[in-house]
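Inspection log for the structure reproduced underneath, given as structure tokens.
Where a number appears in this text, it was derived from the coordinates with a stated rule and is not lab data. Remember, predicted model here, so these are calculated numbers, not experimental data. Cβ placement follows ideal geometry from the backbone for every residue including glycine, while neighbour counts extend to all protein chains displayed.
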Amino acid sequence: MAPAGLAILIGAGPTTGAGIARILASKGNLAVALLARRPDPLQDLAKNLRNDVPDAIFEAFPTDTTPQKLSQTFKDIKAHESFKGLKLRMAIFSVKHSHKKPFMEETHEDFTDSLTTYVGGAFTFAQESLKRLFEDHGEARLADGAEKKGTIIFTGTLGALRCNIGYGAYGAGRASVRQLAQSLAREMSEKGVHVVHAIANGGIRDEDSEDTKAGKRMSAEAVGKTYLFLHEQEACLWTHELDMRPALEKF
């Protein structure tokens, strides 16, 4: 069966990213563009996913979150033969970025570099995704009878809500992306773009193990199923923010 559309996932690693991509392909019938910084592990991930879901399309695009490289990557995705004729349906920002340092040892340069890498990357990824969604689906509004164009999901952490000693830059970045997602949701919902901020609080494993079955850890495929569920929500009910945690995670 031909893919029903395209998903772009940045932060495609061997755990969470693998589980999400596998579900989007196998359950959502989407071709998946996999984006991450390191070329060799990314190519290995694409190869493993093709073995897991032989009929699906997975293509690797090494990139970081700088505006120049991300913009070029979106052009490369658009031009890629494997995705010919496919419209963008989902865009997922799932970048792992941490920064810990005692505040009085922090430098202005390191602090702002952390924000530029993570928040600036989220900004560019969202803007490029929106350009592609409007290019693929037009700019008609839901109120004028248009259908849902697609879904943009930001994977966040508890650091977006509260933070701890030494994590000033980390918390500032995570909270900023949460606010970016909220602003985009308010602006883009009427235009048919569903924007979600999903807080992943707890360990994630790409496995079906005793820990995941017992609720000690989240499974990566469960995250993928949740993201696909969000994407399939109709305009009568859109979730903007949710807190994902394994059953035994304390809160």
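Going out from 0 in 10 Å bins, what whole percent of all Cα-Cα distances in segment 86-186 drops into each bin?
Whole-percent P(r) values from 0 Å outward: 14, 40, 25, 14, 6, 0.
Within 10 Å of each residue's Cβ, count the other Cβ atoms and sort 197, 99 from fewest upward.
99, 197
List the pairs from 78/131; 148/191; 47/96; 27/191; 131/191; 87/149 whose alpha-carbon separation is above 19 Å, in the order I gave them.
47/96; 27/191, as the Cα separations exceed 19 Å there.
For the chain, return all DSSP H helices satisfying: extent of Cα atoms along own axis at least 27 Å; mean Kyte-Doolittle hydropathy at least -0.5.
168-188
Can you give me the long-range amide H partners of residue 193? Hydrogens built in the peptide plane at 1.01 Å from N, cutoff under 5 Å, separation of 5 or more residues or another chain.
Sorted by chain and number, the residues that satisfy this are 149.
Which of 147, 128, 81 comes first, and how do the rest follow, when ranked by fewest Cβ neighbours within 10 Å?
In increasing order of surrounding Cβ atoms, one gets 81, 147, 128.
Out of every Cα-Cα pair in segment 5-244, what percent are more than 34 Å apart?
Here the long-distance tail beyond 34 Å is 13 percent of all Cα pairs in segment 5-244.
What does the charge count near residue 190 come to, summing +1 for each Lys or Arg and -1 for each Asp or Glu among other residues with Cβ under 12 Å from its Cβ?
My count for the surroundings of residue 190 gives +2.
Which trypsin sites (Lys or Arg not before Pro) in segment 142-251 sit in a loop by DSSP (not H, G, I, E or B) and have at most 13 other Cβ atoms within 10 Å of their own Cβ?
162, 250
For residue 116, what is the net charge nearby, where nearby means another residue's Cβ is under 13 Å from its Cβ and Lys, Arg count +1, Asp, Glu -1?
Net of charged neighbours comes to -4.
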